[in-house]
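A.B. asks: Quick one: the structure is below, and I'll ask about it shortly.
The values are calculated or read from the model by the stated rules, or taken from the named source; none is laboratory data. What you see is a predicted model, and the numbers here were worked out from it, not measured in a lab. Don't worry about glycine lacking a Cβ; one is built from the backbone with ideal geometry, like all the others, and counts go over all protein chains shown. When the accessible area is computed, the model is the full protein with side chains, heavy atoms only, and any ligands, DNA or RNA have been set aside. Shrake-Rupley method; radii C 1.70, N 1.55, O 1.52, S 1.80 Å.
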Amino acid sequence: MAFLELNNIEVIYNDVILVLKGLSLQAEQGQIVALLGANGAGKTTTLKAISGLLKPDDGEVTDGNILFEGEPIHHLPAEEIVRRGIFQVMEGRRVFEHLTVEENLLAGAYTRRDRQNIRPDMERVYTYFPRLRERRHQTAGYLSGGEQQMLAIGRALMARPTLMLLDEPSLGLAPLLVKEIFDIIVRINREEGTTILLVEQNARLALNVANYGYIMENGRIVLEGTPDELKNNADVKEFYLGLTAVGERKSYRNVKHYKRRKRWLQ
Amino acid sequence: MDKFLQLTITGLSMGMIYALVALGFVVIYKSSDVINFAQGEMLMFGAYLTFAFVVQFGLPWTIGVLLTLITAAFLGVLAETFVLRPLIGEPIISMIMATIGLSSVLRAIINAVWGPVPRQFPGFIPTDVIQIGGAAIGLDRLIAIGVALIFLVAFTLFFRYTREGIAMRAIADDQQAALSMGISIKRVFAIAWGIAGISAAVAGIILANIVGVSGDIGILGLRVFPVVILGGLDSIPGAIIGGIIIGLLEFYTGGYIGEGLNLIVPFIVLIVVLMVRPYGLFGKEIIERV
């Protein structure tokens, strides 16, 4: 039994738009699992299906099941799923702009029953992100993009999740900051034992930190494997890593004017 | 000078009543974007409940007021659960229309139970007149200011520091993100309506003590619109300061310029504010990072 298991799930928006078409994936406890894919492949929908956030978007899981620690969770309301230990860090940071940094962290701890441990946990978040400590009383809306992403991850830590769903943490950040954020994601995984399901556009980055990877297209998983297997796959190289089949960086002077066919589509 | 002091105190007490009603209004708008047209009727209901508990059931006023606050909170939650919750996800205009319906229902219930004849409110708040520097000021006015101040401070502290208060402000900022931290939107909406019920009832009791219990006091619900527009629809400090400004303005114009004009002035302010600063004095600014 895997820690998290999605079996043939189907998600439909507005009763008509089929977005996930029988998607299956698994995550073992303590792993970092990467979920890669182009825009519109259904990555965010997959995360929202797990965390129960489809409802406000008028989406629903119509087939298949999602098992977390062996129990079905796809019909539970979002707040119950958070209580069971799953926390989604949404795309685009989504900090509460008019709240201070500290209030944002407290909002993350909303479902916690052990009130006396919240202060120590906040200190722990500050050791991961010292910059947040300096800005603890500032309004979150005025933080820089990188600091907001740190706050979004710190806010998730406050809920003490056992499974963290990260939706494009690198979005819109400078390369150095991206590296800093990813280092911390790995540290959180090691030190807290948090299982991480990571959605990324930046395939190279994600495969460097992950234990296992899935590639999705059009609402299905088309390829899966260890990061090494994926990195050596010719299609992945061509379409996700920007390398030619032999592994050299692609030169745009020699760009082919025909498209390589994706083998997995056959 | 004496006249000024007298007008200031009476204006302030009226302003505090406005502030309380406006607070309930803002809390609902802030968390759910709904404009509650039944706020005035909720205030009326509070006044009638106290009348019923103290005069009709003969309970001591302390217990009567306490029961009123509990019932008012319960009534607010009830209204949210049965009238507004089924409409979550529907256009906001349907919810606003539902609050207009709610106001009619409340008014009809009050009419059916207590009839249309104005009643004498139980005089448990002393109405002695005291002299402050030559101005004659009713003790009930001062008590009204004190009581309202206590409730306003308590509500402000609630929003700033408690778990539910932070959750309410989080929902006002980003509903879906709040949902992703396990904050229950239904629960927060229910709390918002409960708070609106309590603050309206407190205002109702204070007001009824001054002018008596009748169907007329519900009109205050509409006179609070200039207050919230001035302060900013989504600002709690704005509701308080807006209430005080409008209250003072009404009594100064009534006292110095002419009786009757005081009823118009708040709405002139409303129009000016909408033209110059449509989000109000303290309304939420859109944060833009540069």
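A.B. asks: Looking at region B:14-35, can you tell me whether even one residue there is under 19 Å from the mean Cα position of the chain (by Cα), in contact (Cβ under 8 Å) with a residue 12 or more places away in the chain and open to solvent by 70 Å² or more (accessible area, probe 1.4 Å)? Walk me through it before giving the result.
C.D. replies: Taking region B:14-35 first, the residues under 19 Å from the mean Cα position of the chain (by Cα) are B:14-35.
From the residues that got through so far, the ones that are in contact (Cβ under 8 Å) with a residue 12 or more places away in the chain too are B:14-35.
After this cut, where a residue has to be open to solvent by 70 Å² or more (accessible area, probe 1.4 Å) as well, the list is B:33.
There is at least one residue in region B:14-35 that is under 19 Å from the mean Cα position of the chain (by Cα), in contact (Cβ under 8 Å) with a residue 12 or more places away in the chain and open to solvent by 70 Å² or more (accessible area, probe 1.4 Å).
A.B. asks: Restricting the search to region A:42-82, which residues are assigned to a helix (DSSP H, G or I) and in contact with a Gly (Cβ under 6 Å, 6 or more places away or on another chain)?
C.D. replies: To start, the set of residues in region A:42-82 that are assigned to a helix (DSSP H, G or I) comprises A:43-51, A:55-57, A:78-82.
Within region A:42-82, A:LYS43, A:ALA78, A:GLU79, A:ILE81, A:VAL82 meet the criteria.
A.B. asks: If you don't mind, there's one more thing I want to ask. For region A:169-198, enumerate the residues that are assigned to a loop (DSSP other than H, G, I, E, B) and open to solvent by less than 10 Å² (accessible area, probe 1.4 Å). Outline the logic, then answer.
C.D. replies: Our first condition is that a residue be assigned to a loop (DSSP other than H, G, I, E, B); within region A:169-198, this holds for A:169-174, A:193-194.
Across region A:169-198, the qualifying residues are A:PRO169, A:THR194.
A.B. asks: Can you confirm whether A:GLU69 is more than 9 Å from chain B (Cβ to nearest Cβ), under 12 Å from the mean Cα position of the chain (by Cα) and not β-branched (Val, Ile, Thr)?
C.D. replies: On the way: more than 9 Å from chain B (Cβ to nearest Cβ): yes; under 12 Å from the mean Cα position of the chain (by Cα): no; not β-branched (Val, Ile, Thr): yes.
For A:GLU69, the condition - more than 9 Å from chain B (Cβ to nearest Cβ), under 12 Å from the mean Cα position of the chain (by Cα) and not β-branched (Val, Ile, Thr) - is not met.
A.B. asks: Looking at region A:54-66 only, could you name the residues that are within 8 Å of another protein chain (Cβ to nearest Cβ) and either crowded, with 23+ Cβ neighbours inside 10 Å or of a type in the set (Val, Ile, Thr) (or both)?
C.D. replies: Passing the criteria: none in range.
A.B. asks: Can you name the residue in region A:109-139 that is facing chain B (nearest Cβ under 10 Å) and among the aliphatic types (A, V, I, L, M) and, of all such residues, is surrounded by the most Cβ atoms within 10 Å (Cβ to Cβ)? Break it down stepwise before answering.
C.D. replies: First pass over region A:109-139, keeping only residues facing chain B (nearest Cβ under 10 Å): A:109-112, A:115, A:118, A:139.
With the extra rule that they be among the aliphatic types (A, V, I, L, M), the set shrinks to A:109, A:118.
On the way: A:ALA109: 24, A:ILE118: 17.
Checked region A:109-139; the qualifying residue surrounded by the most Cβ atoms within 10 Å (Cβ to Cβ) is A:ALA109.
A.B. asks: While we're looking at this one, here's another question. So is A:GLU123 modelled with pLDDT of 95 or more, of a type in the set (Asp, Glu) and under 23 Å from B:LYS284 (Cβ atoms) or not? Spell out how you get there, then give the answer.
C.D. replies: Working: modelled with pLDDT of 95 or more: yes; of a type in the set (Asp, Glu): yes; under 23 Å from B:LYS284 (Cβ atoms): no.
Here the answer is no, as A:GLU123 does not meet what is asked.
A.B. asks: Sticking with this one: I need a count of the residues in region A:37-50 that are within 14 Å of chain B (Cβ to nearest Cβ), open to solvent by 10 Å² or more (accessible area, probe 1.4 Å) and not β-branched (Val, Ile, Thr).
C.D. replies: The qualifying residues number 1.
A.B. asks: Among the numbered criteria (1) more than 16 Å from the chain's Cα centre (by Cα); (2) at positive phi; (3) within 14 Å of chain B (Cβ to nearest Cβ), which one does A:GLY85 miss?
C.D. replies: Result: A:GLY85 fails condition (1) only.
A.B. asks: Mind listing just one residue for me: the one in region B:154-164 that is hydroxyl-bearing (Ser, Thr, Tyr) and within 14 Å of another protein chain (Cβ to nearest Cβ) and, of those, least open to solvent (accessible area, probe 1.4 Å)?
C.D. replies: First pass over region B:154-164, keeping only residues hydroxyl-bearing (Ser, Thr, Tyr): B:156, B:161-162.
Pick out the ones that are also within 14 Å of another protein chain (Cβ to nearest Cβ) and you get B:161-162.
Details: B:TYR161: 162, B:THR162: 51 Å².
Looking at residues that are hydroxyl-bearing (Ser, Thr, Tyr) and within 14 Å of another protein chain (Cβ to nearest Cβ), I get B:THR162.
A.B. asks: Here is a further query. Hey, any hits in region B:165-183 for a residue that's surrounded by fewer than 20 Cβ atoms within 10 Å (Cβ to Cβ), more than 14 Å from every other protein chain (Cβ to nearest Cβ) and among the charged types (D, E, K, R)?
C.D. replies: no
Residues are listed down the side, and each one gets a yes or a no for (1) crowded, with 23+ Cβ neighbours inside 10 Å; (2) among the aliphatic types (A, V, I, L, M):
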residue: B:LYS3; (1), (2): no, no
residue: B:MET44; (1), (2): yes, yes
residue: B:GLY58; (1), (2): no, no
residue: B:ALA72; (1), (2): yes, yes
residue: B:LEU78; (1), (2): no, yes
residue: B:PHE82; (1), (2): no, no
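A.B. asks: For A:GLY146, work out the one condition from (1) modelled with pLDDT of 95 or more; (2) farther than 27 Å from B:ILE185 by Cβ; (3) buried (at least 18 other Cβ atoms within 10 Å of the Cβ) it doesn't fulfil.
C.D. replies: Here A:GLY146 meets the rest and fails (1).
A.B. asks: With the requirement that a residue be open to solvent by 50 Å² or more (accessible area, probe 1.4 Å) and in contact with a strand residue (DSSP E or B) (Cβ under 7 Å, 6 or more places away or on another chain), what does region B:123-153 give you?
C.D. replies: Those that are open to solvent by 50 Å² or more (accessible area, probe 1.4 Å) and in contact with a strand residue (DSSP E or B) (Cβ under 7 Å, 6 or more places away or on another chain): B:THR127, B:VAL129, B:ILE130.
A.B. asks: Give me the residue from region A:90-108 that is of a type in the set (Val, Ile, Thr) and more than 8 Å from chain B (Cβ to nearest Cβ) and, out of that set, surrounded by the most Cβ atoms within 10 Å (Cβ to Cβ).
C.D. replies: Going residue by residue through region A:90-108, those that are of a type in the set (Val, Ile, Thr) are A:95, A:100-101.
Those still in the list that are more than 8 Å from chain B (Cβ to nearest Cβ) too: A:100-101.
Working: A:THR100: 16, A:VAL101: 30.
Among residues in region A:90-108 that are of a type in the set (Val, Ile, Thr) and more than 8 Å from chain B (Cβ to nearest Cβ), the one surrounded by the most Cβ atoms within 10 Å (Cβ to Cβ) is A:VAL101.
A.B. asks: Further, regarding this structure: Out of (1) surrounded by fewer than 14 Cβ atoms within 10 Å (Cβ to Cβ); (2) at pLDDT 90 or above; (3) closer than 20 Å to A:GLU168 by Cβ, what's the single condition that is false for A:VAL209?
C.D. replies: Answer for A:VAL209: the failing condition is (1).
A.B. asks: Looking at region A:98-112, I want the residues that are touching a residue at least 24 places away in the same chain (Cβ under 8 Å) and have a partner that is hydroxyl-bearing (Ser, Thr, Tyr) and surrounded by fewer than 21 Cβ atoms within 10 Å (Cβ to Cβ) with Cβ atoms under 7 Å, at least 6 apart or on another chain. Which pairs are those?
C.D. replies: Within 7 Å, the pairs are A:HIS98/A:THR139; A:THR100/A:THR139.
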